[in-house]
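S.K.: My questions all concern the structure below.
The values are calculated or read from the model by the stated rules, or taken from the named source; none is laboratory data. For clarity, every value in this text was computed on a predicted model and none was experimentally measured. All Cβ positions, even for glycine, are placed from backbone atoms using ideal geometry, and neighbour counts span all protein chains on display.
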Amino acid sequence: MNFEYLRLYFVYVLFLTPVIIFLVLMGLKKREKRILSFLNLQNIKTGVQSSGLRIIPALLSGLMFICLVLTLTQPRTLDKEEESESRGVDIMVVVDVSASMLATDINPSRLVQAKREIIDLVKRLDGDRVGLVAFAGLAFVHCPLTLDYDAFKVFVDQLVPQLVPAPGLDIERAIDVSLAALAASGEEGSEGQAILLMSDGGNTMGDLTAAGTKASKKGVPIYSMGFGSPYGAPIPAQRGGFLKDKNGKTASTKINESPLKSLANDTGGKYVRSNGGDSDIDSLYTSGINVDVKDRNYDKKKRQNYQEYFYYLAAICLMLFLLDFWNSYKPRRLHA
């Protein structure tokens, strides 16, 4: 049986054991002298502990000290070793933060609604890793894949158009960045990965066919959610008012579902339009990703189970304390 100690450095305190015993002996001797002086009974032979009996509580104190120190070292032995796997789906959430997402045809805005949808998604996750890509004319990983959902929510709250000042809507680049982030987290082309694209479709840049082909080849389905209405809405400007087009008229934006549907269909995913309720995210995740995408083993760990012995030592220490307490306060008869 091989013992190991979590806090072996406490062993050095055992060198103080003789000091503890000596101090207890001296304390008992002084107490004996005080009693004799108080009662003025110097001729008592058996009423007060002799030096031979005095050693018993001193030894008990020494044993208690040893047991206490050994308890603090936390001795244990390896009971068994188990291998555990962490399984789930790696989901890269790709969010459009272009200026058009500030449109208020969805109250209070398309971007705020997208954030709410992501939070609703997080509430449904259980063991799935999730990451975040922000994009407009450019794209970058705003949060790498993580199981820390609370930290992920902080990154979601930071989504604003100022994150990506480049104008436009380059969905192809956003997909490329997402695929690269997924590939970096595990074996490229493996199962258990998905992209959740959130956008209003806008004036799409890039080659969407090429983006869909890349995702399909790597076995990564794209689930997309559209934001906005087909009737359109003006785009708020940062300094107040609304953005103008090149003719000086108020620029208007409406949802463009075509590229979002195309990417979903080409990669084996699904498309829904955000409706502000639970059915949209349930359609994409609960009955979509959670069912269609096979879990993958993204982490394998060996877990060691130990047999702990510190509580046995603690019990012995308590018994020694009770024995010392009884020995110190048990009734004694005085003899002249």
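S.K.: For the condition surrounded by 14 or more Cβ atoms within 10 Å (Cβ to Cβ) and closer than 16 Å to Ser100 by Cβ, what is the one hit in Pro236, Pro230?
M.R.: On the way: Pro230 fails: surrounded by 14 or more Cβ atoms within 10 Å (Cβ to Cβ).
Unique residue meeting the criteria: Pro236.
S.K.: Going through the stretch 192-243 one residue at a time, which ones are over 18 Å from Lys270 (Cβ atoms) and assigned to a strand (DSSP E or B)?
M.R.: Passing the criteria: Thr204, Met205, Ala233, Pro234, Pro236, Phe242.
S.K.: Looking only at strands (runs of 3 or more DSSP E) that lie completely in the stretch 67-145, which have at least 3 residues being under 26 Å from Ala183 (Cβ atoms), aliphatic (A, V, I, L, M) and over 17 Å from the mean Cα position of the chain (by Cα)?
M.R.: 90-96
For every residue, the table says whether it meets (1) small (Gly, Ala, Ser); (2) closer than 27 Å to Val94 by Cα; (3) surrounded by fewer than 19 Cβ atoms within 10 Å (Cβ to Cβ).
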{"site": "Pro221", "(1), (2), (3)": "no, yes, no"}
{"site": "Phe242", "(1), (2), (3)": "no, yes, yes"}
{"site": "Lys246", "(1), (2), (3)": "no, no, yes"}
{"site": "Ser252", "(1), (2), (3)": "yes, yes, yes"}
{"site": "Gly269", "(1), (2), (3)": "yes, yes, no"}
{"site": "Ser283", "(1), (2), (3)": "yes, yes, yes"}
{"site": "Val291", "(1), (2), (3)": "no, yes, yes"}
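S.K.: Please pick out the residue among Leu138, Leu102 that is surrounded by fewer than 20 Cβ atoms within 10 Å (Cβ to Cβ) and out of contact with any Phe, Trp or Tyr (no Cβ under 8 Å at 6 or more places or on another chain).
M.R.: Working: Leu102 fails: surrounded by fewer than 20 Cβ atoms within 10 Å (Cβ to Cβ).
Exactly one residue qualifies, and that residue is Leu138.
S.K.: Got at least one residue in the stretch 181-194 being hydroxyl-bearing (Ser, Thr, Tyr), surrounded by 14 or more Cβ atoms within 10 Å (Cβ to Cβ) and modelled with pLDDT under 95? Quick ask: steps written out before the conclusion?
M.R.: Filtering the stretch 181-194 down to residues hydroxyl-bearing (Ser, Thr, Tyr) leaves 185, 190.
Remaining after also requiring surrounded by 14 or more Cβ atoms within 10 Å (Cβ to Cβ): 185, 190.
Next, only the ones that are modelled with pLDDT under 95 stay: 185, 190.
Checked the stretch 181-194: at least one residue is hydroxyl-bearing (Ser, Thr, Tyr), surrounded by 14 or more Cβ atoms within 10 Å (Cβ to Cβ) and modelled with pLDDT under 95.
S.K.: Could you please let me know if Ala215 is within 35 Å of the chain's Cα centre (by Cα) and surrounded by 15 or more Cβ atoms within 10 Å (Cβ to Cβ)?
M.R.: Numbers: within 35 Å of the chain's Cα centre (by Cα): yes; surrounded by 15 or more Cβ atoms within 10 Å (Cβ to Cβ): yes.
Yes; evaluated as a whole, the condition is true for this residue.
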